[in-house]
Amino acid sequence: MNEVIETILAHKSIRKFKDKSISEEMITTLVECAQAASTSSYQQVCTIIGVEDQEKKQKLAELAGNQSYVADNGYFFVFCIDYNRHKVAAEMLDKNINDTIQSTEAFMVGTVDASLAAQNVAVAAESLGLGIVYIGGIRNNLKEVSELLDCPEHVLPLFGMAIGYPDAEPGKKPRLPIQSVFHKNGYKKNEETKKLLNQYEKETAEYYKKRTGGKRTEGWVTQITTSMSSPKRAYMKEFVREKGLNKT
């Protein structure tokens, strides 16, 4: 096992950071790592917005559900699908690419591109001794986030990432059994999945019991099923289409 693999396997979400800024050189390196990620057909659909203004970070923290670590960190990135750049490129050649930009395939390409770029940043940051936490909460109020960050049509913020020097040492959450996520030559039968999930429910219940001193005792199956019992952010489909994406 090498240092890269050790870094990946040691990942933990950090939600408390020291009051210490990240150097411009380090920020540039992280963005370069994002750009080095694989990208579908060389389209490079991801744009990253670095939020340095403290008032904007505070507003983002409120919009994301009053998560304090969105404001209190070394640096905050927002990862976006960006087809505005492609629209500008097409206009330079007097071409029309609207049908492509508005397709579901393009939306999936942009989402994958941004996710790959972000995970490169996460691994690079942790290799430098930094901690990170992804912030999906910006999608709670995406119209307001988009306006705050001056995102034009065809630019859609997907998630944020708070980065900084860790000021906490949270326990590492146990992941699903590898047998439940790695299927060879075809998808496993549900009966086998149920057995694995029963095992995982007990393991994660014990994890939360220890972590919270007995205040939480539910396992992953209970937690996730409860969380997914009602849909979240039901406005999303309409807003994405207002942005000129995922229309066809």
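Each reported figure results from applying straightforward, stated rules to the coordinates on display, with no laboratory input. These numbers were taken from a predicted model, which means no experiment stands behind them. Glycine gets a Cβ as well: all are built from the backbone with ideal geometry, and neighbour counts include every protein chain shown.
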How long, wide and thick is the chain, going by the Cα atoms along their three principal axes, in whole angstroms, largest first?
61, 47, 39
The stretch 1-81: trypsin sites (Lys or Arg not before Pro) in DSSP loop, at most 11 other beta carbons within 10 Å
K20
Listed by chain and number, the residues whose amide H is under 5 Å from that of K243, excluding neighbours fewer than 5 places away on the same chain and using placed H, are none
Taking alpha-carbon centroids only, the stretch 51-66 lies from the stretch 195-221 a number of Å equal to 33
Working from Cα positions, state the angle (0 to 90°, nearest 10) between the long axis of helix 54-63 and the longest principal axis of the chain.
60
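One-quarter of the Cα convex hull surface for the stretch 178-227, in nm²? Write down the numbers at each step before the final one.
Working: hull surface 15.5 nm².
Directional mean of the projected Cα hull area for the stretch 178-227 stands at 3.9 nm².
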The stretch 1-114 - Debye-derived log10 I(q)/I(0), Cα point model, q = 0.11, 0.13, 0.21, 0.23 Å⁻¹
-0.53, -0.71, -1.22, -1.28
Can you list the trypsin sites (Lys or Arg not before Pro) in the stretch 66-150 that are in a DSSP coil and have 15 or fewer other beta carbons within 10 angstrom?
K95
The base-10 log of I(q)/I(0) that the Debye equation returns for the stretch 144-243 at q = 0.11 Å⁻¹, one scatterer per C-alpha, is -0.63
